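Report on the following structure.
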Amino acid sequence: MAVTEPAPAVPPAAHAHPGERRTGEGGAVEGILRRQSLRESAARTYARSLPIVPVRARGLTIEGADGRRYLDCLSGAGTLALGHNHPVVLEAIKKVLDSGAPLHVLDLATPVKDAFTTELFATLPAGLADDARIQFCGPAGTDAVEAALKLVRTATGRSGLLSFTGAYHGMTAGALDASGGATDVRVTRLPYPQNYRCPFGVGGDRGAELAARWTENLLDDPKGGVPTPAGMILEPVQGEGGVIPAPDDWMRRMREITAARSIPLIADEVQTGVGRTGAFWAVEHSGVVPDVMVLSKAIGGSLPLAVIVYKSELDAWEPGAHAGTFRGNQLAMAAGAATLAYVRENRLAERAATLGARMLGRLQGLAAAHSCIGDVRGRGLMIGVELVNPYAAVADNSVTDAPPADPALAVSVRQECLDRGLIVELGGRHSGVVRLLPPLTLTDEQAEAVLDRFADALAAAERAHRAHRPGPPAHDARLRSDSGPSH
């Protein structure tokens, strides 16, 4: 199969603005980008780092208005489990459109919704699916987070919340409060375990154990200042936090700690769900059954859809206690049901585990040749490469020996990738982590092409940055990037 995939034709209107003088596709593209800059808010993000104008897409491939093709390892920030315009998704959408079914139904029951809910429940952990309720929320993942927080507060009569350093749960007020970048803190922060930058300076099993003990001690300390909270929310793999997988034993400890204290456990699977991490739901790696699961992104098959699924004992809503005009997105439900079924029937979660492990292995080999790679980590096809400045002094107050992140190098790598037709994005502390989120339909050949382009981009960015820095010590055998990318 070709690395880039043919895409359907696009109407001419997608290329040029009406009345615009055309001096070639490049001129039309520049005009579109210029108007976007003038008209759209300063809050836009991806458009700044990815100045392209997509007009066609299929699978892993995006084609810009200028005719250039890109391998898309952003996948709508993890939304596109099957890549762009997968035939089963398009067919499901067309079927609804051709049927004459209403596209807007509020929260009324429809055959399309029933099919989606049935398929979703068939994929859930058995301990949850056997006695679960589903709440359709507003169309974004952050809307589902808000619903989850409101639900556990309603059910428990408590108001406090536990979340973790490095967390990201969305951009609405309550979700931001629970995220790692909050400035007006109304949520108790707990340490999230990680090896490379362990908050206790030890990493591994010992670091995870200390994080769990910290949590348990804080909750049981009568002078700890933390009354029993309404819930705990966590990500099984922190995405925006830097692609940090939670250790399975630690996940089980969090389940034990919360269950023993009647604290509902909320698993935010907005980005990790639908096979992304090598299991259909990331909590399945540890065998944990949460009280609430927050789901969005891939469950809509590329269209906006967000739900929470929770144990029936928490179903304390009054009618209308949580609503949303666009909670009945029929097209998204049809696309989502088709996506869920395709991932399940074709065992794409297992495929993500196998291919992801292979990609991690090659990236770890690349790290052996480039000291600017501080860490390679991830789970399934959710991969992060943390870039560091190996020659910068470690801060005196640092609890680890890890060099500081190098966000400038990360930005350069992202741009070098784009120049080579590879779309990646950044995350983590100081935006020093290059993130790879390819679709689950990624082929072996495409995976090799992605890694080849990334390795070439890394070497080019590293050479450029080295020219502006003191040279490496002569004994540093790890620096061999001038000899080309490692395989």
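The values are calculated or read from the model by the stated rules, or taken from the named source; none is laboratory data. The shown structure was predicted, so the numbers you read here are calculated from the model rather than taken from an experiment. No Cβ is skipped: glycine too gets one built from the backbone with ideal geometry, and neighbour counts run over all protein chains shown. Accessible surface is based on the protein model in full, side chains and every heavy atom, while ligands, DNA and RNA are left aside. Shrake-Rupley method; radii C 1.70, N 1.55, O 1.52, S 1.80 Å.
Miscellaneous remarks
- Applying 0.36 nm per residue to the separation of Glu30 and Glu91 and subtracting their alpha-carbon distance, the gain on full extension is 18.6 nm.
- Members of Lys113/Lys311; Lys94/Lys150; Lys95/Lys150 lying beyond 26 Å, as alpha-carbon distances in this model show: Lys94/Lys150; Lys95/Lys150
- For the chain, size of Cβ-based charge dipole, Lys and Arg +1, Asp and Glu -1, in debye: 760
- When you count the other C-beta atoms within 10 angstrom of each residue and take the mean per peptide, 449-458, 125-134 line up highest first as 449-458, 125-134.
- Distance between the 7 Å Cα→Cβ label points at Ser262 and Trp317: 2.4 nm.
- For segment 99-231, with +1 on Lys and Arg beta carbons and -1 on Asp and Glu, the positive-most of Phe136, His169, Pro199 along the dipole: Pro199
- Rounded, prolate or oblate (a/c below 1.5 giving rounded, otherwise prolate when a/b exceeds b/c) for the chain by Cα gyration tensor: oblate
- Sites Val202 and Arg252 - FRET efficiency at Förster radius 30 Å, r taken between beta-carbons, to 0.05: 0.90
- Projecting label points 7 angstrom from Cα along Cα→Cβ for Thr325 and Arg39 puts them 2.1 nm apart.
- Taking a ≥ b ≥ c as the square roots of the Cα gyration tensor eigenvalues, segment 37-176 comes out oblate, since a/c reaches at least 1.5 and a/b does not exceed b/c.
- Per-residue ³J(HN,Hα) for segment 163-175, Karplus 6.51 cos²θ - 1.76 cosθ + 1.60, θ = phi - 60°, Hz, x for Gly and Pro: 9, 10, 4, x, 5, 9, 10, x, 10, 7, 4, x, 5
- Protein heavy-atom surface of the chain, 1.4 angstrom probe: 53% of the accessible area is carbon and sulfur, with nucleic acids and ligands not counted.
- Label-to-label distance, nm, for residues given as Phe121 and Tyr46 (7 Å Cα→Cβ offset): 3.3
- Extension gain, Trp214 to Ser159: 0.36 nm times the residue separation minus the Cα-Cα distance gives 17.7 nm.
- In summary, the helical segments of the chain meeting the span-like criteria, namely a full DSSP H run, a Cα extent along the axis of 20 angstrom or more and a mean Kyte-Doolittle hydropathy of at least -0.5, are 141-156, 330-345, 348-369.
- Once the 1.4 Å probe is applied to the protein heavy atoms, the chain comes out at 42 Å² accessible per residue.
- Net length gained if the chain between Thr172 and Val394 were fully extended (0.36 nm per residue, minus Cα distance): 76.4 nm
- For segment 201-306, the dipole from Cβ point charges (+1 on Lys and Arg, -1 on Asp and Glu) about the Cα centre works out to 80 debye, to the nearest 20.
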